[in-house]
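Reading through the structure tokens given below for one structure.
The values are calculated or read from the model by the stated rules, or taken from the named source; none is laboratory data. Just so you know, these numbers come straight off a predicted model, no measurement behind them. Cβ placement follows ideal geometry from the backbone for every residue including glycine, while neighbour counts extend to all protein chains displayed. Only protein heavy atoms, including side chains, enter the accessible area calculation; ligands, DNA and RNA are left aside. Shrake-Rupley method; radii C 1.70, N 1.55, O 1.52, S 1.80 Å.
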Amino acid sequence: MMQLHVNSRRWPERTVSGKRRTLCKHAKDFEETEVKQWDEFISCHERRTIYHRLEWGRLIERVFGHKTHYWMQIDEYGELAGVLPLVEIRSKLFGTYQISLPFFNYGGALGTDPDIERDLMEQAWVRASQQGVGHIEFRDSISRDADLPCRKDKVAMLRELPSDGDRLWSELGGKVRSQVRRPMREGAQFVCGGGERIDDFYRVFSRNMRDLGTPVYPKRFFAEILQNFAERAGIGVVYIARKPVAAGILLFDGNTMEIPWASSLREYNRLGVNMLLYWNALSEAIEKGAKSFDFGRSTYQSGTYRFKRQWGASAKQLHWSYALPEDGELPDLTPQNRRFKYAIALWKRLPLSVANRLGPGIVKNLP
């Protein structure tokens, strides 16, 4: 159940025992003014993302069954001064931990000044550690307190967009333009739509995840995104002979278009179907008035990093910091962890129907 934690002081008062105390209210007791206050605060914050919206917490609760904690800090004038969304994951395999936010690249604390943001993070950790949470991961696009352990192995790939598609086309290198034209000569077509394309998207996405050795999200996850963000979300699909061969989810928020999930079928990659997908995604962004395009995160100098660089994307450092117990070690739940080597190899060999059935139960516990 989503919980709303309201802090009216910079630091919570201390009880006789010395433990910090915070005021807490359940989401079912939300007053409309509180929800409006949250939405208005994030809408005006320069670092806000679509993932800071309250709808994401409710969506994650419905689809994955995770508990969410939404921290708010109120200043002495009764005004909202900071927010921090957190999702709590309880896993038999990986323990109990919280993330701001899992499944996405962003979601850290937002405040009227850095001190308020740090206070929110500390208060959240005090409460979480008292309840047996092993660690908190804060996913930020800015550097935090130097005392917090931080991962810097990921970058967000961003591209500023021109005002029209013709100019974008001229800015791309000749090699990229040639790669976009090739699938078109093979009869490939791009279609952008909504929920009516979800089966085609999932057919491509789930198979690609299996081939990578990665458990897949449930189809319902994407269906809920399209339903709850109907004006902001869409699906782009590339077809050859009416068969979906590349597809991606598109999210539009503010002045940015994002493609958080995209896949293509390996046997069609030689035709450059993924190039046609991204060209059209960029074109859609320009048509909607976006000023920038977010290609998602990559490991520096990896294959996906170089793929996105060819589109003119620049790297922006991501800072994922951690609240840990004393002498605690940084968690590593990524595919690069050698502990998962054999599990990944085994997953790649599963029949697609089996991988799609088992995957959602596993991936819900991975950030």
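For this structure, a couple of remarks:
- Taking 20 Å as the straight-line reach from the Cα of K348, the aspartates and glutamates in range (excluding those fewer than 8 positions away in the same chain) are D211, E267.
- Paramagnetic reach from E267 (point 7 Å along Cα→Cβ, amide N under 13 Å) across segment 222-254: 243-245
- Its residue count N fixes a reference of 2.2 N^0.38 Å for the chain, and the Cα radius of gyration divided by that reference is 1.03.
- The chain: relative contact order in percent, alpha carbon pairs under 8 Å with at least 6 residues between: 19 percent
- Residue-normalised accessible area of segment 133-248, expressed per residue, 1.4 Å probe, Å²: 47 Å²
- Mean-position separation - Cα centroids, segment 116-188 and segment 247-282, in angstrom: 16 Å
- Of all accessible heavy-atom area on segment 82-143, the percent that carbon and sulfur account for (1.4 Å): 48 percent
- Highest-first packing order for the peptide set 132-138, 72-78 is 132-138, 72-78, based on the mean count of other beta carbon atoms within 10 Å.
- Heavy-atom surface of segment 272-347, accessible at 1.4 Å and reported per residue (Å²): 53 Å²
- Contact order, relative form, for segment 215-263: 24 percent (alpha carbon pairs under 8 Å, 6 or more residues apart, mean separation divided by residue count).
- Relative contact order for segment 256-332, counting Cα pairs under 8 Å that sit 6 or more residues apart, in percent: 32 percent
- Hz values of 3J(HN,Hα) by residue in segment 168-178 - Karplus curve (6.51, -1.76, 1.60), Gly and Pro given as x: 4, 4, 5, 6, 6, x, x, 5, 5, 4, 5
- Positive-end residue, segment 278-367 charge dipole about Cα centroid, Cβ charges, pick of L324, I344, I362: I344
- Area of T256 that stays accessible when all protein chains are in place (1.4 Å probe, Å², to 10): 50 Å²
- Positive dipole terminus of segment 128-284, leading residue within G174, L158, A262 (C-beta point charges): G174
- Per-residue SASA entry for D115, accessible area with 1.4 Å probe, Å² rounded to 10: 70 Å²
- Computed from backbone phi, the HN-Hα couplings of segment 251-266 come to 10, 10, 8, x, 10, 10, 9, 10, 10, x, 9, 8, 8, 9, 7, 4 Hz, rounded to whole numbers (Karplus: 6.51 cos²θ - 1.76 cosθ + 1.60, θ = phi - 60°; Gly and Pro given as x).
- Dipole magnitude (debye, nearest 20) for the chain, charges at Cβ of Lys, Arg, Asp, Glu: 2080 debye
- Positive end of the dipole of the chain (Cβ unit charges, origin at the Cα centre): among G111, G303, A313, the Cα lying farthest that way belongs to G303.
- Solvent-accessible area, 1.4 Å probe, carbon plus sulfur percent, for segment 282-356: 50 percent
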